[in-house]
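Structure first, then comments.
The values are calculated or read from the model by the stated rules, or taken from the named source; none is laboratory data. If you're wondering where the values come from, they're calculated on a predicted model, not measured in any experiment. Every residue, glycine among them, receives a Cβ derived from its backbone with ideal geometry; neighbour counts consider all protein chains shown. We work out accessible area using only protein heavy atoms, side chains counted, and drop any ligands, DNA or RNA first. Shrake-Rupley method; radii C 1.70, N 1.55, O 1.52, S 1.80 Å.
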Amino acid sequence: QVQLVESGGGLVQPGGSLRLSCSASGFTLDYYAIGWFRQAPGKEREGISCISSSGGSTNYADSVRGRFTISRDNAKNTVYLQMNSLKSEDTAVYYCALATKCERRAVEYWGKGTLVTVSS
């Protein structure tokens, strides 16, 4: 059984922080890049960040650069997204995705998503 599960979403005030986790079971993440995406109501799914299989390379969308940090702990079979200085426009369902490399067309598998709501 292969599973990719996001966790850590919830309600946070503007300016606050959350850390999302993407955990795998049934297989190891060691050989895969992991991307984070988000989708707000009425909007298209947006790529946010990606980390290479080794963790040696990362990238970020302009909308989150400087505020979000992606990292991975292969020993725990988990990838993280640290989100700081959150804004109301960050409200969305956040998804992690398994990829052969950090290119949008390389995505092979999606998690179910976790909801982040930024509101006062």
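According to a simple spin-label model (label point 7 Å from Cα along Cα-to-Cβ), what is the distance in nm between residue 84 and residue 13?
1.9 nm
Students often get this wrong: which residues of the stretch 80-102 have the backbone nitrogen under 13 Å from the point 7 angstrom along Cα-to-C-beta of residue 59?
Counting backbone N atoms under 13 Å from the label point, the list is 100-102.
Straight-line reach only, C-alpha to C-alpha below 23 angstrom: list the lysines that residue 43 could link to, leaving out same-chain residues fewer than 8 apart.
Qualifying lysines at Cα under 23 Å: 87, 112.
How many angstrom separate the Cα center of the stretch 4-28 from the Cα center of the stretch 39-90?
What the calculation gives is 10 Å, centre to centre.
With every protein chain present, what is the per residue accessible area of the chain (1.4 Å probe, Å²)? Write down the numbers at each step before the final one.
Numbers: 6400 Å² over 120 residues.
For the chain, the solvent-accessible area averages 53 Å² per residue.
Using a 1.4 Å probe on the protein chains only, how many percent of the accessible area of the chain belongs to carbon and sulfur?
Roughly 45 percent, rounded to a whole number.
May I ask you to compute the full-extension gain from residue 101 to residue 52, defined as 0.36 nm times their residue separation minus their alpha-carbon distance, rounded to one decimal in nm?
The span from residue 101 to residue 52 would gain 17.0 nm if fully extended.
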